[in-house]
Amino acid sequence: MKENKLKPNYEIRRRPESNLRNYYTILLETGLILALLILTALARIELTAGDTEDIVMDEREEVEMEEIIQTRQIEQPPPPPRPPVPVAVPNDQIIEDVDIMLDAELDLGGTLEMPPPPPQREEESQEEEEDFFVLVEQMPELIGGLQELQRDVRYPERALRANIEGRVIVQFIVNEKGEVENPKVIRGIGGGCDEEAVRVVKQAKFKPGMQRGRPVRVQYNLPVIFRIRN
């Protein structure tokens, strides 16, 4: 076999202008320009189809939304009860009439007698009479002091004979003038000492008690001492 060997082209060496490699760049640029021109021309050509098909759209059903108004249920009153069914009474039974006798007679022209008022309790009457104070801003003061009062005490003979000694508590009211009202013994020892203590207290004089700058009636307790001296 003969080996196919590439023979050198001596013509190219003798004529270098016949070598196409020297024009490769120009030919490439020329081909690109021609390709762009062809593409531009094709883009401007209007492609129109011969037969046009009409596209028919299916009609859709229109659904209308209606606003539902909420109704208010009116409560109706219950029906009236049925009347009682009359019961047949046999003809043989006799219904007797009931007579209502009113013994009381109403006299419209006469005067009405009112019941008597209830009796007033003694406690209420006592509370109304108690117009005094038990504790005030300035309590009453005994004029002369308790020692001066004790000098006026006369020892009862019965108490001396019975050898009775002790303390008598007298309760009373000091009025607006400083005078003693309604003295009474709340704790006694007997033998005439209680009466003597009330007598001495009645003669006592006080400076009246003061409440809000004015004299008032005040309840007061005063002790009277009875002691036998040898």
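Near the amide H of Gln138, within less than 5 Å, lie the amide hydrogens of Met210, all on another chain or at least 5 residues away, with H placed in the peptide plane. Considering only the other residues whose Cβ falls under 12 Å of the Cβ of Val180, what net charge follows from Lys and Arg at +1 and Asp and Glu at -1? Surrounding charge for Val180 is +4. Less than 5 angstrom separates the built amide H of Ile189 from those of Asp194, all sequence-distant by 5 or more or on a different chain.
Can you sort Glu64, Glu29 so the residue with the fewest Cβ neighbours within 10 Å comes first? Before the final figure, lay out each step's value.
Numbers: Glu64 4, Glu29 10.
Result, fewest neighbours first: Glu64, Glu29.
Residues in region 204-212 carry Karplus couplings, in order, of 6, 10, 10, 7, x, x, 10, 9, 6 Hz; the curve used is 6.51 cos²θ - 1.76 cosθ + 1.60 with θ = phi - 60°, and Gly or Pro positions show x. What the phi angles of region 74-82 give under the Karplus curve with 6.51, -1.76 and 1.60, with θ = phi - 60°, is a coupling list of 8, 6, 8, x, x, x, x, x, 6 Hz, glycine and proline written as x. Remark on region 131-226: ratio of C-alpha radius of gyration to 2.2 N^0.38 Å is 1.14.
Bear in mind these aren't lab numbers, they're just calculated from the coordinates by the rules spelled out. Computed from a prediction, not measured in an experiment: that's the story for all the values here. Neighbour counts are summed over all protein chains in view; Cβ atoms, including those assigned to glycine, are modelled from backbone coordinates with ideal geometry.
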